[in-house]
Each structure stands twice: as C-alpha cells, then as structure tokens.
Amino acid sequence: MFKIYSNEKIADGIFKMILEAPLVSARARAGQFMMIRIDEQGERIPLTIADISDKTITIVYQVAGVTTHRLTEKKSGEYVSDVVGPLGHATDTDKIGTVCCVGGGVGIAELYPVAKAYKNAGNNVIIIIGARNKELLIFKKELEFLGAEMFVVTDDGSFGEKGFVTNVLKKLIDTGRIINLVYAVGPGVMMEAVSNLTKPYGVKTLVSLNTVLVDGTGMCGSCRIQVGTETKFACVDGPEFDGHLVNYKELKARQSLFKEQENHACKIRGI
Amino acid sequence: MNKQSPTERIKNFKEVAFGLSEEEALKEASRCLFCKKAKCSMNCPVEIDIPAFINALKKKEFDRAIKVIKEKNNLPGVCGRVCPQENQCEGACVLNAKKAPINIGGLERFAADYELKSKPSAPSPKPLTAKQIKIAIIGSGPAGLTCAGDLARMGYQVTVFEALHIAGGVLMYGIPEFRLPKEIVKKEVEYLASLGVKIKTNFIVGKTSLLKDIFEQGYKAVFAGTGAGLPSFMNIPGENLNRVYSSNELLTRVNLMKAYLFPEYDTPINVGKKVAVIGGGNTAMDSARVSLRLGAEKVYIVYRRTENEMPARKEERENAKEEGIEFHILTLPKKISGDDKGFVNSMECIKMELGEPDDSGRRRPVAIKGSEFTMDVDTVIIAVGQSPNPVFLKATPELKLDKWDKIIIDPATQATNIKGVYAGGDATEGDDTVIAAMGAGKRAAKAMHKYLENEK
C-alpha cells in the first residue's frame, strides 16, 4: 500500500497527486514513469513522474476514463494498492547547448523535471508551453521558477499569445536562434506538429510518448510503435524517441483501441 | 476425467476439468503396481516419490499423501493441473504397455485439492535450523517459487522480488483461469509464505534496485527466474494495427487484470468476432480459448506446419477443437490489413507444404507459389513465442547471455558466470514448461546451499 500525501485539482480535469514511494523516488530521474494500480479492480496505468523528493513522487494526471476518475476520489491519507517504478529510460540531460523544451496540456507537468534537469546540467533552456485556454494551463509557476526564457500560448488567447506552441518555436528558429535540441511532450498531434516543424530545419527533436501500457516492463507489447523502420516498445525502449522517426498515425490510432469499452464503462458508472 | 461440456464452458472462465472424485481417486490409486524401480519418479523433474503418495491415497491417508508430495513439490495444485504428465511420470508408467497409464496428474491434483479444501491445512514443516543468511530470488514464477521454498526449508532467509503487483509470474498472467484457477496459485503462494518466504511485489530488480544493490543489502546469493517476458512478433506488415495483440497482452489483460470481468474490473480488452491466433503452442491454444470465451464467434488457429509438429499438449489441442476452434494448418500469414481507423479487417496468408527436416528435426514448411488467400478476420493474436525479459538483463551487463539473450548457466548447478548468481526457468535455455522451470529452481537451491556452505 502506498500513502497519498495530497491529491488536488490544479485545472479543469487535471489533478496533482503526491504519493509516498521511497523505493521509486530513490532512483527516479527526469523522463521516467511509474505504474499505479488503485485497488484490486483497478487498471495498471502509466503516469509520468512530475517531481521527485526524498520519499515522495509527484504525478499529474488528466481524467480520461474510469481509473483516472476513481483516482480523483482518493483523499490525502488514503492509499493506492500498487506503485512500481521507476520505469523507462531517464532523459539523457548532458550539456549540449540550447535546449528548447515544449509542453502541451497535461504534458507540461511532465516537462517540468526534464527542463529542470537540462537547466541543472548547464544548458541554456527555452521553455514553450501551451494549453487550450487559461484554465487548463498548469505548472506555469513551477516552470517560471526555473528562471529560463519562457513563452506561454493558449489556443483561444485567454492567456499569453494566441496560437500554438509551434508558432512560437517557428518564430524562434526563423529569427536565427540556435537550438541544439527540441524536447516535446504533450498530445500526439502537438508532438507531431513540433516534429514536422523541426524536421526541415534539421533540429534534433525528442518526443516522450504516453502510450497504452499494461505491465510497463516489456512483457505485453501493447505500447509498441513504429520508429523509423523498427517496432519499438515505449516502456523499455522509450518513452523518448526521435520525433522525426515516430509513426504518429499509428500512435493516434492506438489511442482509440479501447474508446468504446471506456465510454461504456464510464456510462454505466454515470461518469 | 470429467470436464465441463464444450457448449457450456465456452461461455464461462471456470475450470474446465473437474478433477477426480474420492471414489475415482481411490479406484485409480488401486491400479498402481508400486514398481520398486519407479520409472514415474525417475521422470519427475522435481523427484516426487510417486508410488509412496499413491500408496497413501490408496489407504485413504490423504494428509500423508500430500505430505509426501510436498516433500519435493511446493506447488502440487499447479502441477497436478498443468504438467505435461504424458511426457513425464505418466509417459514412463509401465502400464503404458497396456495403454492405461496411471492418471498421476489427476491423483496429484486430488491430493492437493483435498488439502486446500480441508483447511486448516497440514502444518508447514519447520526448517531444521534457522540460518541468518539472506537469499534473493528475482521473479515469483514457478522457478523462483520452487527455489525459494526449498531454500526456506533449509533455513535460509529468503526474499522473492516480484515486478508485478501479485506473485505467481506466468501462473498468474499467462495460464488462464479455466486451466489453472488463480485461487489455487494464491493458496500455494500462501503456503510458501508459511515456510518463511518473504515476497516483495512491485519490485523490479534492474529498475527499483540493481543486482549490486541486492548484494550490498547483505544478500549472499541470488536466483534469477525472470521469465520469458518479451513477446516475439512476426515482422510482417500490419502488425501494429489495432486489435493485433501479442498473446502476452491478451492473456495478461484477461488473466492477471481480469478483463473478462470488465467493466466490474477496470482493464478493458477489445476482441472482435473473427479471431486468428498465430502459433501452435500451449499459449496459442490458451489465446484461442480465451478469445472464444470473450465472445468471438469464429476462432482460428493459424500454424505454418501440421498438427504433428505443434508444440501444444494433445489435451489442449483436443480441448480447443471440442470448443469449436478451427485449425488452419500449413498456413503462413504474410500481411495484416486494416480499415481507415487502423483496425484489423483481414489477413493475407499463403499455403505451405512440408519439405526437408530442419535443425529442430521437424520438416521445414515451404510456401506453395501462387497459393495466397485472404482470411476474413477482425482480430489477430500473435503467439509465436517469447524471449527473455530484458529489464534485468539490460541492467546487469556483466551477466553472460547466449545469442538468444538467454542467461548462460551450468546445467548441473544453474550457476551463471557471476559468483553467487544462479538462474533458471524461461530466462535460460530449455526450461519451457512449468515443471522444467521448477526442476531448475530445485537444482539451483541445492547448488546455492552447497555454495553458501563452502563460502562459510
């Protein structure tokens, strides 16, 4: 059993949970994830690590189905039955020069430890974050605290510049800013758009994939994705891949595999 | 053996085989010739004294029967159900001459079930002398559990590290409920805990801790039973379409996560009406029978050789056929196609014929030119094998592996190239059944004991 320190709503449909998981936090690094199972009936779901302290792990999740909905009902002081990790490769955060960290939606939380690690490694970090609107913008303060150059956009212009993260990135590149690496995490369409943008410029781009997982240890293959000419397992080979090689069509299709089942389960539970 | 009728059982996940009644068990036990040189025992990978336990059954001394079995086998309820007895104890029975070998598996299951039903169970044997020596077992599958149980009985302080949220490994995630009820596995794991074995779930050696951390924490020897947890695919076009699953994924969702109870349980599975299962092993049969129980109307086994070359047990092939699963032999899938939403809608295959024998001694299947045809399917399950789980192996580069990424061991002792580290089961070459893995766990336990005695 793993104790919940806090579980608060930080935006519409987005929650932040701090969990006691000393074995995970002892080895967790930026870019890694862990698996959670709420209880006997619960699904095993992957959650990217948003922050790490001595004994605790912070995760940020978006309510997407029955399991994540049930997670929102957990109160501080209560427990989840299983937490395992850290899983996947940690981000390779050597000093490489200028790194542009791009986050969208709930992915912004996942961007936080990565941007922090790149900064701590001595890189010049530029942060671009975007959300549909002001209400959905998360982790802005935490990222601001890193003291990096930062741009904020919203689709509807309710905060920051109106538009997409790619508009800002394109402007930066076009004005001659040297960017050695782009790191993008967010919805599939966003990562695809970022990769499509940087490819003709030849700017190396890493994307962090959030795929369907069951065990998280390479056992089921449910997270497989075509990267270049090879099929890779996001859980053990990733979750980060060369954004220019990922088959986004496949990535997006896979996300619809259980839509019907999920809708049914939500409906009968009145969610 | 009495079974649920095929028409009934394809609608549920309950155990197919009922097991012997007391009357049947006594009758079967009384047929045993109690050979002095018992070939059955000699062919048991875990060396059960088979005539002795059958003799106890015959005398209605059921408690003693299970005690005799448990002297050698910590998982009798599992073995009575899933061992390929026809190749081992039963295959060696002298009564094969009369085509009527003793149903040893059925008797083992009877003894195990008797104990599980008549709680409180017989008290666990206490270790002879408790030793203050810690041993780590990686993975709680049949190899790891057997090794752990034997070492605990010798008095060692044994901890099993399990990556998943529950112990049992392939017994929990791989073998379906209708062949091996999960309650049986849970109870046999509880029995091991009663011997003093500690089980740490949610702990991945290679991620949560490294092998060197385990030694630093004072463990003096390690057994790696990390299993074959990396599914193989066929590398044909369309394999990443929706509703193409590895057998591992299908079985894990259904067996471990109980997707067959969705939406009462949260984990979904999406299986269509026409399912092709590619492969001819027990896993393929399990996948086909699971698909049927999930509501598929047509389930096909697609195999590139003939039924004679199938690795699946005869009993499982027969069960599958009885349930209406169609066998498409000498058929090789070439391509899986999908609709505009990325879901499977057909599979292109080619017919094969058998040519010259290959390295495995089986006749090599050769494609027949121009015999391509399309199968109308909406779900494809790939059950063509697995390779060792890479997590522990990648995190332990000093461990020597063969070209198939299996851990190289000394077959006599299960010792790896690292001092104090032993391995067995599917992570090594050859141990491809539950009982073979258990035999390896047993050999390792003996060798580890010897090693630790010498290290004193």
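For A:LYS199, no residue has an amide H sitting under 5 Å from its own, ignoring neighbours fewer than 5 places away on the same chain, with H placed 1.01 Å from N. Using R₀ = 60 Å, calculate the FRET efficiency as 1/(1 + (r/R₀)^6) where r is the Cβ-Cβ separation of A:SER6 and B:LEU26; round to 0.05. It comes to 0.45.
Using only Cα atoms, find the angle between the long axis of helix A:165-174 and the longest principal axis of chain A, and express it within 0 to 90 degrees, rounded to the nearest 10. So the inclination is approximately 20 degrees.
Whole-Hz Karplus values for the range B:310-318 come out as 5, x, 5, 4, 4, 4, 6, 5, 5 Hz, taken residue by residue from phi with 6.51 cos²θ - 1.76 cosθ + 1.60 and θ = phi - 60°; glycine and proline positions read x.
Ligands, DNA and RNA excluded, the heavy atoms of A:PHE241 present near 20 Å² of accessible surface to a 1.4 Å solvent probe. Near A:MET150, the amide H atoms lying under 5 Å from its own belong to A:ILE127; only residues 5 or more places off or on other chains count, and H is placed 1.01 Å from N.
Amide H to amide H distances under 5 Å link A:SER6 with A:ILE18, where only residues 5 or more positions off or on other chains count and H is placed in the peptide plane.
Computed from label points 7 Å out along Cα-Cβ, the spacing between B:GLU297 and A:ILE268 is 2.2 nm. Counting only lysines at least 8 places from A:LYS74 when in the same chain, those with an alpha carbon closer than 19 Å to its own are A:LYS3, A:LYS9, A:LYS16. Solvent exposure of chain A, expressed per residue, is 41 Å² of accessible area, with all protein chains present and a 1.4 angstrom probe.
Mean sequence separation of contacting Cα pairs (under 8 Å, at least six apart), scaled by the length of chain A, corresponds to a relative contact order of 17 percent. Charge tally for B:PRO311 (other residues, Cβ to Cβ under 12 Å; Lys, Arg +1; Asp, Glu -1): +1. When both bridge partners sit in the range A:98-254, DSSP labels roughly 25% of those beta bridges antiparallel. Annotation for the B:A interface, with buried accessible surface near 3800 Å², both sides summed [1.4 Å probe; non-protein components not counted]. The charge dipole of the range B:21-73, taken about the Cα centre with unit charges on the Cβ atoms of Lys, Arg (+1) and Asp, Glu (-1), comes to about 260 debye, rounded to the nearest 20. Think of each Lys and Arg Cβ as +1 and each Asp and Glu Cβ as -1; about the Cα centre, that makes the dipole of the protein assembly as shown roughly 1220 debye.
Spin-label model, B:GLU307 to A:LEU146: label points 7 Å out along the Cα-to-beta-carbon direction sit 6.2 nm apart. Rounded to the nearest 20 debye, the dipole magnitude of chain B is 1140 debye, with +1 charges on Lys and Arg beta carbons, -1 on Asp and Glu beta carbons, and the Cα centre as origin.
Each label point was placed 7 Å from the Cα along the Cα-to-Cβ direction; for B:LYS60 and A:ASN167 their separation is 8.8 nm. Note on B:ASP376 and B:GLU455: with the Förster distance fixed at 51 Å, the Cβ-Cβ geometry gives a FRET efficiency of about 0.20. Sequentially through the range B:212-229, phi angles give Karplus couplings (6.51, -1.76, 1.60; θ = phi - 60°) of 5, 5, 4, 5, 5, 7, x, 6, 9, 8, 9, 10, 9, x, 8, x, 9, x Hz, Gly and Pro residues having no value and appearing as x. In the range B:216-236, which residues give up 10 Å² or more of accessible area once the other protein chains are added, compared with their chain alone (1.4 Å probe)? Residues passing the criterion (a loss of at least 10 Å², heavy atoms only) are B:GLY229, B:LEU230, B:PRO231, B:PHE233. Report in % the part of the accessible area of the range A:62-181 that belongs to carbon and sulfur, leaving out ligands and nucleic acids; probe 1.4 Å. Accessible surface attributable to carbon and sulfur in the range A:62-181 totals 50 percent. For the protein assembly as shown, the share of DSSP beta bridges that are antiparallel, to the nearest 5, is 50%. Its relative contact order, with pairs defined as Cα atoms under 8 Å and 6+ residues apart, puts chain B at 16 percent. Think of it as helices only: each DSSP H run of n ≥ 4 in chain B is worth -39500 (n - 2.57), and spread over all residues that comes to -9000 deg cm²/dmol at 222 nm. Using the Karplus relation 6.51 cos²θ - 1.76 cosθ + 1.60 with θ = phi - 60°, the per-residue 3J(HN,Hα) values for the range A:187-196 come to x, x, 4, 5, 5, 5, 5, 5, 5, 5 Hz, with x marking Gly and Pro.
The values are calculated or read from the model by the stated rules, or taken from the named source; none is laboratory data. All values reported here derive from a predicted model rather than from experimental measurement. Don't worry about glycine lacking a Cβ; one is built from the backbone with ideal geometry, like all the others, and counts go over all protein chains shown. Ligands, DNA and RNA are stripped out before the accessible areas are found, and what is left, the full protein with its side chains, is counted by its heavy atoms. Shrake-Rupley method; radii C 1.70, N 1.55, O 1.52, S 1.80 Å.
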